[in-house]
Amino acid sequence: MNSEKMFEHISREELEKVSKIFSKHFGEDIWASNTFGDTVFTPEKASAVEFCEIVNCSEQGRERCRKQRADSIRMSMEIGQPYITICHSGILLGCVPVVDEDTQLGGLFFGKCLCENVCQSLLKDITKRLKGISDDQGEILHALLELPNTPPRKIHSASEKLYDILYGETRLNPKMLHWQRELSRQQAEIGEYIAEQKRLKNVSSTPYEYEKKLMNKVRIGDKTQTREILNCMLASIMLKSPGELNVLKARLLELISVLSRAAAEGGVDIDIMLERNLKNITQLIDVSDQKELCAWVGRATDDFIELVHDTANSRKISQIRPATEYIDQHYKQQITLSDVAKASHLSPSRLAHIFKEETGMTIVDYITQARIEQAKNLLLSTNMNCTEICFDVGYNNQSYFTRTFKELVGLTPRQFRSVNRSNS
């Protein structure tokens, strides 16, 4: 066990500086532990905390504290950000993960406070937690009354501030945490889509529909919409083939091929695409975890979008992005080409030409696609009748809505609802 590993990357003087800045803002001390939970740093003028001294009087208490710190560090590393918890003895504990690039070093801790007033139920709970460590309820009560009462909002603010101070005032590089934070964010979003698709049963699109939507968004360099569609697609695959990593790999390999074609259509040089695809395939072979695989395809997709932004066509793409954003926000209204052109600061004829050239569809086609997608969602997720849905998505003629829906989906709205609900 190397308890000094942290100091190969950050000096005690730097930690003292971090401690002083944090204490100036929040009036609290910090201390540092290595990844095993062993305390390796406390400030020179740290204040003693009576409650923690009671806990640390016994070997059992010290071991529980060490394990608590190690667990908190592990959790903060997994989520890539500060982690706040109620420690084994019942008081608040904040942990900021300490890393340098891909090396885990440990954590900075603060807290040693309560988030509620001392009352009989709190005293009873903490006395129970400290069984075998201290049975003197009077001593415990006195120590509890000495602890500060800090609102959870302030604890959260303090944790974010400590993170900023640590990585702003030292040479440490939090690259690994940024990656882990993105992993956690993506998995949370995929989890929400899985829950939504379970609730709506057969509401998810087909693979071809997802691919078509993704191609359109990659072609115009729309990162936000691309990520949403991609995560929804990943949720659909996981729901239909849970735990089947090879199935997910095969589907994503196919998807990368489709998206690289979309990037090429967006103006990216074909030789650059071939080189990037080779790199993607090499990386894919080595991925053996579902979470990492989802993050990998997200990163590869972002890469395609960045390439599209860097091409000679990037100016045209940036010109039509306001148009797609305007349509996505206003498709329920009666919008015209002139409305969309105005939002894009282009003439109607110029916008129509660029939009068709870059997306392969007309403005009207894009508006129709947005309306029909929303209609499909409403048909499966609500009890609205077809007339209500027709008007809700921006049509004022039910016959025209029904005809358009059938042309794109292959079924009338009623048939689509009936078939999908009967299969669920």
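All of the numbers you see were taken from the coordinates with simple rules; none came from a lab. Here the structure is a predicted model, which is why all the values come from computation and not from measurement. For neighbour counting, all protein chains shown are included, and Cβ atoms are generated from backbone atoms with ideal geometry for every residue, glycine included.
Data for the structure
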{"item": "Sites matching GluC sites (Glu not before Pro) across the stretch 49-123 that sit in DSSP coil, with at most 16 neighbouring C-beta atoms within 10 Å", "result": "GLU101, GLU116"}
{"item": "Two-site FRET efficiency, HIS142 against THR85, from Cβ-Cβ distance with R₀ of 35 Å, rounded to 0.05", "result": "0.90"}
{"item": "Protection proxy ranking of 162-172, 229-239 - average other beta-carbon atoms within 10 Å, highest first", "result": "229-239, 162-172"}
{"item": "For the stretch 297-302, 3J(HN,Hα) per residue [Karplus equation, 6.51 cos²θ - 1.76 cosθ + 1.60, θ = phi - 60°, Hz, x = Gly/Pro]", "result": "5, x, 5, 5, 5, 4"}
{"item": "Straight-distance crosslink candidates among aspartates and glutamates, where the alpha carbon sits under 16 Å from LYS154 and sequence neighbours closer than 8 are dropped", "result": "GLU28, ASP29, GLU116, ASP164"}
{"item": "Fewest-first ranking of HIS156, HIS88, using other Cβ atoms within 10 Å as the exposure measure", "result": "HIS156, HIS88"}
{"item": "Distance in nm between pseudo-label sites at ARG171 and ASP289 (7 Å out along the Cβ direction from Cα)", "result": "2.9"}
{"item": "Leading residue at positive end of dipole, the chain (Cβ point charges), from ASN385, GLY107, VAL409", "result": "ASN385"}
{"item": "Set of lysines with alpha-carbon distance to LYS240 below 27 Å, sequence-local pairs under 8 removed", "result": "LYS198, LYS201, LYS212, LYS213, LYS217, LYS223, LYS249, LYS291, LYS376, LYS406"}
{"item": "Nearest-20 debye value, the stretch 317-424 charge dipole, Cβ charges on Lys, Arg, Asp, Glu", "result": "280"}
{"item": "Neighbour net charge for ARG66 - beta-carbon separation under 14 angstrom, K R +1, D E -1", "result": "+1"}
{"item": "Structure-derived Rg and Dmax of the Cα atoms in Å - corresponding label in [x] 21.5, 72; [y] 27.9, 83; [z] 22.6, 67", "result": "[y]"}
{"item": "Contact order normalised by residue count of the chain, Cα under 8 Å, 6+ apart, percent", "result": "11"}
{"item": "Net charge, ASP125 excluded, C-beta distance under 12 Å - Lys, Arg +1, Asp, Glu -1", "result": "+3"}
